[in-house]
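Quick note: the coordinates plus some simple rules give every number you see, no bench work behind them. From a predicted model like this one, the values you see are computed outputs, not experimental measurements. Cβ sites come from the backbone with ideal geometry, for glycine too, and all protein chains shown count toward neighbours.
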Amino acid sequence: PTMAHPQALLVLENFIGGKFVPCSSYIDSYNPSTGDVYCRVPDSGKEEVEAAVKAAKDAFPVWSSKSPLERSQILNKLADLIEHDLEAFAQAESKDQGKTITFARTVDIPRAVHNFRFFASSILHHVTECTEMPTMGCVHYTSRAPVGVAGLISPWNLPLYLLTWKIAPAIACGNTVVAKPSEMTSVTAWMMCKLLEKAGVPPGVVNVVFGTGAKAGEALVCHPDVPLISFTGSTLTAQRITERSAPHCKRLSLELGGKNPAIVFDDADLSQCIPTTVRSSFANQGEICLCTSRIFVQRGIYSEFLKRFVAEAKKWKTGNPSDPTVDVGALISKEHLEKVRNYVKKAQAEGARVLCGEGVDPLALPPGNQKGYFMLPTVIAEVKDESCCMQEEIFGPVTCVVAFDTEEEVIKRANGVKYGLAATVWSGNVGRVHRVAHRLQSGLVWTNCWLVRDLNLPFGGMKASGIGREGAKDSYEFFTEVKTITIKH
C-alpha cells in the first residue's frame with residue numbers, strides 16, 4: 001500500500017564512521033498495526049558493509065587501547081542519553097514493531113539502557129589468572145585483549161533490547177562493531193546512532209548498516225576482516241551463517257529459537273502459575289524466543305487449569321499498540337501473521353481443539369487498525385506431541401496445553417523436541433523442582449516464575465537453540481582473545 005503523503009515517510013540512513021550515509025536503494029518498512037508503509041530502510045550490500053568494516057578497522061587501534069574505565073564512562077553516558085529519550089524510543093519501537101507501548105516502555109527500552117550500564121560496570125571487575133611453577137622457576141599468567149571488528153546481527157522481536165545486548169559487551173571489551181538490525185525494525189537503532197557522538201563514542205567504533213540478511217547480513221558474515229559474529233534469530237539462518245563463516249574460522253555466538261515447555265505439577269500454586277503462564281505464552285504477541293508454547297499439566301488439575309487459563313487468556317485485550325490498556329499488539333508482518341494462523345489451521349485439521357482466540361472468538365479492532373496484523377491469544381488443547389504445533393517454533397500468540405501423568409513421562413516429552421532454550425517448572429515440592437530442572441535439556445529453567453534475569457549469569461540454549469552463552473563472564477570471554485604468557489625468572 002502507498003501512503004497518502006509520501007513526504008511523511010521516515011527515511012533511514014546507514015551510520016558509518018560516525019556519519020549518516022545515504023544509500024542508493026531502499027526497502028519499505030511497514031507499520032504492523034495499520035498495514036501501511038511508514039519508513040524506508042537502506043537496502044545495503046557488499047559496498048556499504050565494506051565501508052563500515054573499514055571504518056571499524058580504522059577505529060580499532062585507538063578504541064582498544066583506551067582503559068576499561070574510559071570505555072565504561074562512555075557506555076554510561078550513552079545509557080543516560082537513551083534513558084533521557086525513553087519515551088521517544090518506546091513510541092518508535094511500538095510503532096515499528098507492533099508491540100504495545102506498555103511493553104516497549106517497561107521492558108524493551110529500560111533493558112536497552114540496563115545493557116549499557118551493566119557492561120559498563122562489569123568490564124571493571126574482570127581479573128586474569130596466574131599460576132606459579134617454583135620448581136621450574138616460572139610464572140604463568142593470562143591476558144585478554146579485544147578481538148577486532150565484531151559483526152552483530154539482531155532480530156525484529158526486541159529490536160533495541162537485543163541489539164544493545166550485543167553492542168554493549170562488544171565495545172566494553174574494546175572491539176569495534178558493524179551491526180545489522182532487522183530490516184523490519186531498524187528505527188530505534190538509527191535513533192541510537194544519533195546519540196553516539198554526544199556520548200563520546202569515537203567515529204567508527206559503532207557502525208550500523210541496514211538491510212536484509214540475504215544481502216547485508218551475508219556480506220558481513222563473509223567479510224574476511226570480521227573475526228566474530230554474534231547472531232540472534234532463526235536456526236535456519238544460523239545454519240547458513242555457520243556455513244558461510246566456516247572458511248574464515250570465525251568465532252560464532254548463536255542465540256536461536258525455542259519450543260519452550262512449562263510443566264505444571266498438581267501441587268502448583270495456580271493463583272501464581274496461571275497469570276504468569278498466560279504472560280509467558282502471550283507477552284510481546286508471543287514473539288519472544290523464551291515464550292512458553294507447550295504447557296504440560298498433570299492430569300489431576302488439567303481441566304481446572306484449562307478452564308482458568310482460557311478465562312485469563314480471554315481477558316487479554318488485543319488492539320492498537322499505542323493504547324496503554326492493550327495487552328497484545330500487532331504481529332511483525334502480514335507474512336508472519338499468515339504463518340502463525342496456518343499453524344492453528346493445521347492443529348484443527350489434525351483434530352485438536354482451539355479453545356479461544358484465532359477462528360473461535362471475534363476480533364474487534366479500532367477503525368484505524370482494521371488492516372493491521374492482529375491475532376487474539378490462542379489456546380490449543382488435545383494436540384499430539386508429534387504435531388508440528390508441538391514441534392516447531394510458532395513465534396506468535398499461540399500455546400498448546402496437554403495433560404501428563406508422571407514426572408518421568410513429562411521430562412521425556414518436554415525434551416522431545418529439537419530445541420532446548422528455556423523451560424518453566426511449577427511445583428511446591430522443592431526436591432522435585434531440583435530433580436526436574438537438572439534433567440530438562442534446556443539452557444534456562446525458571447521454577448515458579450518466568451523471565452527473571454540476572455545478566456551476570458549465562459544465557460543461551462542447547463541443541464538447535466544455539467551455540468555459546470551471553471552474560472557478564474560469557475560475553476567477556478566471547479568478545480576477547482585470551483593469551484597465556486610464561487615468564488622464566
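If each residue of separation counts as 0.36 nm, what is the full-extension length gain between residue 128 and residue 365 once their alpha-carbon separation is subtracted? Before the final figure, lay out each step's value.
Details: separation 237, 0.36 × 237 = 85.32 nm, distance 5.72 nm.
Here the segment from residue 128 to residue 365 would lengthen by 79.6 nm.
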| Pairs of Cα atoms farther than 25 Å apart, the stretch 261-447, % | 31 percent
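Using Cα pairs under 8 angstrom and six or more residues apart, how large is the relative contact order of the chain, in percent? Don't skip to the end; give the middle numbers.
On the way: 1124 pairs, mean separation 90.3, N = 489.
Relative CO of the chain lands at 18 percent.
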| Given the stretch 1-95 reduced to its alpha-carbon atoms as identical point scatterers, what log10 I(q)/I(0) does the Debye formula return at q = 0.12, 0.20, 0.23 Å⁻¹? | -0.61, -1.12, -1.17
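Compute the normalised compactness of the chain: alpha-carbon radius of gyration over 2.2 N^0.38 Å, N being the residue count. Walk me through the numbers on the way to the answer.
On the way: Rg = 23.4 Å, N = 489, 2.2 N^0.38 = 23.1 Å.
It is 1.01.
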| said: At 7 Å along Cα-to-Cβ for each site, give me the label-to-label distance between residue 249 and residue 46 in nm. | reply: 2.5 nm
| request: Using only Cα atoms, locate the centre of the stretch 406-434 and the centre of the stretch 238-280, then give the distance between them in Å, rounded to an integer. | output: 14 Å
| message | I'd like the distance between the alpha-carbon centres of the stretch 331-360 and the stretch 130-145, rounded to an integer number of Å. | response | 60 Å
| field | the stretch 169-209 - convex hull of the alpha-carbon atoms, volume per residue in Å³ | value | 70 Å³
| field | Inter-label distance for residue 28 and residue 84, nm, one decimal - labels placed 7 Å from Cα along Cα-to-Cβ | value | 3.7 nm
| query | Two-decimal Rg/Rh of the stretch 279-322 from alpha-carbon positions, Kirkwood Rh? | reply | 1.04
| field | Too-long pairs where the Cα-Cα distance tops 29 Å, listed order kept, from 215/250; 259/346; 180/317; 317/371; 46/166 | value | 180/317
| request: Rank-order 68-77, 374-383 by packing density, defined as the average count of other C-beta atoms within 10 Å over each peptide's residues, highest first. | output: 374-383, 68-77
| task | Report the extension gain between residue 345 and residue 482 in nm, rounded to one decimal, defined as 0.36 nm multiplied by the number of residues separating them, less their alpha carbon distance. | result | 44.2 nm
| Under 15 Å from a point 7 Å along the Cα-to-Cβ line of residue 317: which residues of the stretch 349-375 have their amide N that close? | 364-367
| query | Percent relative contact order of the stretch 334-489, based on C-alpha pairs within less than 8 angstrom and at least six residues apart? | reply | 15 percent
| said: Using the basic label-point model (7 angstrom from Cα toward the beta carbon), what is the residue 62 to residue 37 distance in nanometres? | reply: 3.9 nm
| said: Give me the net charge for the shell around residue 11: Cβ to Cβ below 15 angstrom, other residues only, Lys and Arg +1, Asp and Glu -1. | reply: -3
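Tell me the trypsin sites (Lys or Arg not before Pro) within the stretch 449-479 that lie in a loop according to DSSP and have at most 13 other beta-carbon atoms within 10 Å. Walk me through the numbers before you get to the answer.
Working: sites: 453, 463, 469, 473; in loops: 453, 469.
Loop-located and lightly packed - 453.
Just the number, please: percent antiparallel of the DSSP beta bridges in the chain, rounded to the nearest 5. Let's see the in-between values first.
Working: 31 of 72 bridges.
Taking every DSSP beta bridge within the chain, about 45 percent pair in antiparallel fashion.
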| R0 = 30 Å: FRET efficiency of residue 449 with residue 73, Cβ-based, nearest 0.05? | 0.30
| query | Over all directions, what mean area does the Cα convex hull of the stretch 176-272 project, stated in square nanometres? | reply | 10.0 nm²
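Determine the calculated [θ] at 222 nm for the chain from helices alone, applying -39500 (n - 2.57) to every DSSP H run no shorter than 4 residues and normalising by the residue count; nearest 500 deg cm²/dmol.
Working: 15 runs with 179 residues, N = 489.
My calculation for the chain gives -11500 deg cm²/dmol from helical runs alone.
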| Which value in Å is the Kirkwood Rh of the stretch 6-54 over different Cα pairs? | 11.8 Å
